1. Answer with yes or no whether G364 is under 22 Å from the mean Cα position of the chain (by Cα) and outside any helix (DSSP H, G or I).
2. Between a residue in the stretch 46-75 that is hydroxyl-bearing (S, T, Y) and any residue that is modelled with pLDDT of 95 or more and assigned to a helix (DSSP H, G or I), which pairs come within a Cβ distance under 6 Å, given they are 6 or more apart or on different chains?
3. How many residues does the stretch 135-150 contain that are at pLDDT 95 or above and either open to solvent by 70 Å² or more (accessible area, probe 1.4 Å) or touching a His at 6+ places or on another chain (Cβ under 6 Å) (or both)?
4. In the stretch 22-32, which residue that is more than 10 Å from T351 (Cβ to Cβ), in contact (Cβ under 8 Å) with a residue 12 or more places away in the chain and more than 18 Å from the chain's Cα centre (by Cα) is most open to solvent (accessible area, probe 1.4 Å)?
5. Among the residues of the stretch 154-188, write down those that are among the β-branched types (V, I, T), outside any strand (DSSP E or B) and farther than 22 Å from G354 by Cα.
6. Among the residues of the stretch 60-96, write down those that are within 18 Å of A220 (Cα to Cα) and β-branched (V, I, T).
7. Name the one entry in S306, S395, S355 that is hydroxyl-bearing (S, T, Y), modelled with pLDDT under 95 and open to solvent by 40 Å² or more (accessible area, probe 1.4 Å).
8. Filter the stretch 86-101 down to the residues that are under 18 Å from V200 (Cβ atoms) and within 17 Å of the chain's Cα centre (by Cα), then identify the one that is least open to solvent (accessible area, probe 1.4 Å).
Amino acid sequence: MSTNSKLFLSDLAPHTVQSEIRAMSVACTAVNGINMAQGVCDTDPPHPVVEAAIQAIREGQNIYTRLDGIAPLREAIAAKMLQWNRMTVDPDREVLVTSGATGALHAALLALLNPGDECLVLEPFYGYHVATLRSQRVVPVIVPLDAPLFELDHERLEAAITPRTRAIILNTPSNPSGKVFTLAELEWMADFAQRHDLFVFTDEMYEYFIYDGAQHQSLAALPGMAERTITISGFSKTFSVTGWRLGYLTADARWLGAIGYFHDLTYVCAPSPLQHGAAAGLLSLPQSFYQGLAAEYQEKRDRVCSVLRQVGLTPITPAGAYYILADASQLAGEDARAKARTLLAETGVATVAGSAFFGQDGDGRNRGEALLRFCFAKKQTELEDACVRLLQWKSER
């Protein structure tokens, strides 16, 4: 092919690599291991959710819906937002059902930010947040939180503001750290966003996975924040249906029309029959379901953290979500990716390199190279098998 050919990759493509999470899932499958890398949440979905989706298929609910989703689901989301998030939203003007929370963020960024704008991202971060920003040529500005509790550094955040800063992404409870931002931290963040006139995109996917009496607080419920906050959540984790790709967002009516347009342009609509399943879950599952979810996952967290301590992979105990960051400095390997592959080869347990969630320090070294992320959203038997493997590995070393 001629060197002058117009057939070449985009400017973005050469810098795009497969997600390390996906790469470890592939490596895990190759050795028939236990996948504690990807947050697939392979527990069984609630019966009403599954049955309603199947019934919707049989009743012919297999065509496009309104671009913002079916009315029963939008109304159920609005009711849930009032009860759980203490927010009043209009189901016809301020709720958008999306193709996963990933689709929600993608459409919202297209609608509200321009190429060259800067968006603050708190570290450790979810890699898809940063990758989505870059895919739209928005500049992610990484702002580290203070480990090990991952507290806000006010001075660091203030110093990150430039004339091009237009937004911040806030993930609470957080993937990968399990950080649950306190009311005091969120009140400071609300003041910060208003002083600098920023949009805030909140990822609240793990809002029901909270432990040790922690409380989930939506930023948009605080004074002055409803007009500038895009609140994103979904059903993948809560109902254990990650493959359904079903999420939603709520936003001020001024922004929702444009966000809906870009979601329609990319996805047309969220899967029709699955929307009926999600609506049934919101309408029929009692509060005890969500309380039980938190209790079940706290037990799993405690079991895995205990084993990690025993084998010398000291964990940072999460307050929410279902991931654990653990110290992997004892493992062989020059970096976190190599350490993750060492652990997989020696135990058959797949994890994710901490470097997937951190940026570089002043010396150009990734701040997550000594960490691995473990996902404990597994069925009890498989989770116990992973724990046994880790303990056996320790005893044989």
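The values are calculated or read from the model by the stated rules, or taken from the named source; none is laboratory data. Just so we're clear, the structure is a prediction, and the values are computed from it rather than from any experiment. Neighbour counts are summed over all protein chains in view; Cβ atoms, including those assigned to glycine, are modelled from backbone coordinates with ideal geometry. With ligands, DNA and RNA removed, areas are computed over all heavy atoms of the protein, side chains included. Shrake-Rupley method; radii C 1.70, N 1.55, O 1.52, S 1.80 Å.
1. Working: under 22 Å from the mean Cα position of the chain (by Cα): no; outside any helix (DSSP H, G or I): yes.
Against the criterion (under 22 Å from the mean Cα position of the chain (by Cα) and outside any helix (DSSP H, G or I)), G364 does not qualify.
2. T65/S272
3. Qualifying residue count, the stretch 135-150: 1.
4. The initial filter retains those residues of the stretch 22-32 that are more than 10 Å from T351 (Cβ to Cβ), namely 22-23, 25-27, 29-32.
Still in the running and in contact (Cβ under 8 Å) with a residue 12 or more places away in the chain: 22, 25, 27, 31-32.
Checking which are more than 18 Å from the chain's Cα centre (by Cα) leaves us with 27, 31-32.
Working: A27: 30, V31: 85, N32: 127 Å².
Here the residue is N32.
5. Residues of the stretch 154-188 among the β-branched types (V, I, T): 161-162, 165, 168-169, 172, 180, 182.
Among the residues that remain, those that are also outside any strand (DSSP E or B) are: 161-162, 172, 180, 182.
Matches in the stretch 154-188: I161, T162, T182.
6. Once the filter is applied, which keeps residues that are within 18 Å of A220 (Cα to Cα) and β-branched (V, I, T), the stretch 60-96 yields I77, T88, V89, V95.
7. Working: S306 fails: modelled with pLDDT under 95; S355 fails: open to solvent by 40 Å² or more (accessible area, probe 1.4 Å).
Within the list S306, S395, S355, the selection yields S395.
8. Selected residue: T98.
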